[in-house]
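Working notes, beginning with the structure itself.
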Amino acid sequence: MLSLDEQVTYLKKGLAELIREEELRERLAQAAQAGRPLRVKAGFDPTAPDLHLGHTVLLRKMKHFQDLGHTVIFLIGDMTALIGDPSGRNITRPPMTREEINANAATYKAQVFKILDPEKTEVRFNSEWLQPLRYEDLVRLCSHYTVARILERDEFAKRYKEGTPISMHELLYPLAQAYDSVALRCDVEMGGTDQKFNLLVGREIQKGFGQPPQIVATMALLEGLDGVNKMSKSLGNYIGITEPPEIMYRKVMQIGDSLMFRYYELLTDRSVEEIDRMRERIAGGELHPMLAKAELARLIVTDFHSAADGARAEEVFNRVVRRHEVPADIQSVSLPDGVRLSGGIRVDKMLARIGLAESVSDAVRKIKAGAVEIDGLRIHDLNLPYGADAAAGRAELVVQVGKNWRRVVM
């Protein structure tokens, strides 16, 4: 059994903000005395069919609560997804169709237990309580918050000042998310730093319904492979948790050395002290950063596949990328102008310009047919995520299309 101080230290690792720590301590003590696990919620709108490592930052922290015996609620926001969350956006996100939501939610349910303990997890859909609300219930919910407070939100304040339209349904999103906490009687709600406003609204709404306000825990947003933007499938800078081991490993090895420590903190169970010692060893020349990054890649692949898969992925990477076991006489070419985008390389344009495809459309066909390999890994996306720091540390890409090869010098 961990002491109260040890529990709080364990739960605080990787948090951007905790509101409020003294309330968490009090709630943990009360739960232990009453023999009642805390109810810890994190909501996920099913906006894409697969989860990536950015999502798992929250999932890992949920697992930490489970390690201490608490119940976590993986909330699928099937009803709020119909509204569209404006968090972190200057324009309205188009609402999704029910068919898209159902399809994406099904994949979420199949993926979360790669991290969470199914015995200590409730999977819930907020349509359970939001859909039955009557109009008078909605009016009563709205009465617990003011328009002035809603407009304090950064995104809304900026749009209001600029004269950009704000739809009424967007104003309802924070209230709908807050009502989730009421319906589930949450002790703790977690989210990314971009969700802080919504989580704080939950505290106020719970008070209005006679419940103790939830503790708010925000997690830092994980940067993607470009080292700049939040990890996102739409930006192509992501590592999907269902991707093959070799691709996961290769993508982790692409991140910049400075970002590696952040990945260790947010995506592994290494303690802050261990990570600090690793940083000191690298700075002192005792440990090569490539070896530390290789260990990180193995850990991540092992988490979502197996230790054997992690070892095999490392062997493939070393053989193809580090030992360059490719034909000795392949032609070397420079990376053509105009194919590097922000955080990535357009593979179809590159293939056409280095002579491995007759045209861009021919390159697209080859990629879709699975005929293209880069650094020994089969490529299926037109955009190859490639961060600036990683590119600086790598001199080339080894590209194969059928029996034809090119060594592309960066």
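Taking 10 °C and 1.306 mPa s as the conditions, I'd like the Stokes-Einstein D for the stretch 4-219 in µm²/s, using the Kirkwood hydrodynamic radius from alpha carbon pairs.
Values: Rh = 17.8 Å.
For the chosen part, D equals 89 µm²/s.
Can you compute the charge dipole magnitude of the stretch 177-231 about its Cα centre, using +1 on each Lys and Arg Cβ and -1 on each Asp and Glu Cβ, nothing else charged? Give it in debye, rounded to the nearest 20. Kindly include the intermediate steps, with their values, before the conclusion.
Details: 5 positive and 7 negative charges, 46 e Å.
Charge dipole, the stretch 177-231, about its Cα centre: 220 debye, nearest 20.
Could you run the Karplus curve 6.51 cos²θ - 1.76 cosθ + 1.60 with θ = phi - 60° over the stretch 211-226 and give me ³J(HN,Hα) per residue in whole Hz, x for Gly and Pro?
Computed from phi, the couplings for the stretch 211-226 are 9, x, x, 5, 7, 9, 10, 9, 9, 5, 7, 7, 5, x, 5, 6 Hz.
Using amide H atoms built in the peptide plane, which far-off residues or other-chain residues are under 5 Å from G192 H to H?
Sorted by chain and number, the residues that satisfy this are M219.
Test of understanding: in a Gaussian network model of the chain with alpha carbons linked when under 10 Å, which of P213, P244, P46 would top the mean-square fluctuation ranking?
P244
Step through the residues of the stretch 122-139 one at a time and calculate ³J(HN,Hα) from phi using the Karplus curve (6.51 cos²θ - 1.76 cosθ + 1.60, θ = phi - 60°), rounding each to whole Hz and writing x for Gly and Pro.
9, 9, 10, 10, 6, 5, 4, 10, 7, 5, x, 4, 8, 4, 5, 5, 5, 4
Note down the magnitude of the dipole of the chain about its Cα centre, charges +1 on Lys and Arg C-beta and -1 on Asp and Glu C-beta and zero elsewhere, to the nearest 20 debye. It would help to have the intermediate numbers written out before the result.
On the way: 56 positive and 58 negative charges, 114 e Å.
Once rounded to the nearest 20, the dipole reads 540 debye.
Just grab the label-to-label distance for S232 and Q131, each label 7 Å out from Cα along the Cβ direction, in nm (one decimal).
Each label point lies 7 Å from its Cα, and together they span 3.0 nm.
Which FRET efficiency value, to the nearest 0.05, do you get for S361 and C142 by plugging their Cβ-Cβ distance into 1/(1 + (r/R0)^6) with R0 = 35 Å?
Values: r = 52 Å, r/R0 = 1.50.
Computed FRET efficiency for S361 and C142 comes out at 0.10.
May I ask which of K12/K207; K12/K233; K63/K251; K196/K233; K161/K349; K114/K196 have a Cα-Cα span longer than 31 Å here? Mind showing how you got there, number by number?
Values: K12/K207 25 Å; K12/K233 28 Å; K63/K251 24 Å; K196/K233 22 Å; K161/K349 41 Å; K114/K196 26 Å.
Check vs 31 Å cut-off fails for K161/K349.
Taking springs between alpha-carbon atoms closer than 10 angstrom, which of L259, L18, L341 fluctuates most in the Gaussian network model of the chain?
Sorting by GNM fluctuation, first place goes to L341.
Kindly express, to the nearest 10 degrees and within the range 0 to 90, the angle between helix 245-254's C-alpha long axis and the longest C-alpha principal axis of the chain.
90
Taking the Cβ of S361 as the center, what net charge do the other residues with Cβ under 15 Å away carry, scoring Lys and Arg +1 and Asp and Glu -1? Walk me through the numbers before you get to the answer.
Details: positive: R346, K349, R353, R365, K366, K368; negative: D348, E358, D362.
With Lys, Arg at +1 and Asp, Glu at -1, the net is +3.
Report the far tail of the P(r) of the chain, meaning the percent of Cα-Cα pairs longer than 26 Å.
Values: 49698 of 83845 pairs.
In whole percent, the long-distance tail amounts to 59.
Evaluate the distance, in nm, between pseudo-label points positioned 7 Å from the Cα of E286 and of K114 along their respective Cα→Cβ axes.
Result for the modelled spin labels: 3.4 nm.
Mind listing the long-range amide H neighbours of L341? Cut-off is under 5 Å, sequence gap 5 or more, other chains count too, H placed in the peptide plane at 1.01 Å from N.
R346
By how many degrees, 0 to 90 and rounded to 10, does the Cα axis of helix 53-67 deviate from the longest principal axis of the chain?
On a 0 to 90 degree scale, this one is about 50.
Given M350, F74, H305, which one lies farthest toward the positive end of the charge dipole of the chain, if we put +1 on the Cβ of every Lys and Arg and -1 on the Cβ of every Asp and Glu?
The listed residue farthest towards the positive side: M350.
Using a simple spin-label model with points 7 Å from Cα along the Cα→Cβ vector, what separation in nm is obtained for K368 and E22?
Simple spin-label model gives 6.2 nm for this pair.
Any idea what angle helix 168-184 forms with the longest principal axis of the chain, computed on alpha-carbon atoms, 0 to 90 degrees, nearest 10?
Once rounded, the angle reads 70 degrees.
Using each residue's phi in the stretch 197-203, evaluate 6.51 cos²θ - 1.76 cosθ + 1.60 at θ = phi - 60° and report the 3J(HN,Hα) Karplus result to the nearest Hz, with x for Gly and Pro.
Once θ is set to phi - 60°, the couplings for the stretch 197-203 become 4, 4, 5, 5, 4, x, 4 Hz.
Read-outs throughout are calculated quantities, based only on the coordinates presented, and are distinct from any laboratory measurement. Nothing here was measured: the structure is a model prediction, and the numbers come from that model. Positions of Cβ are backbone-derived with ideal geometry, glycine not excepted, and every protein chain shown enters the neighbour counts.
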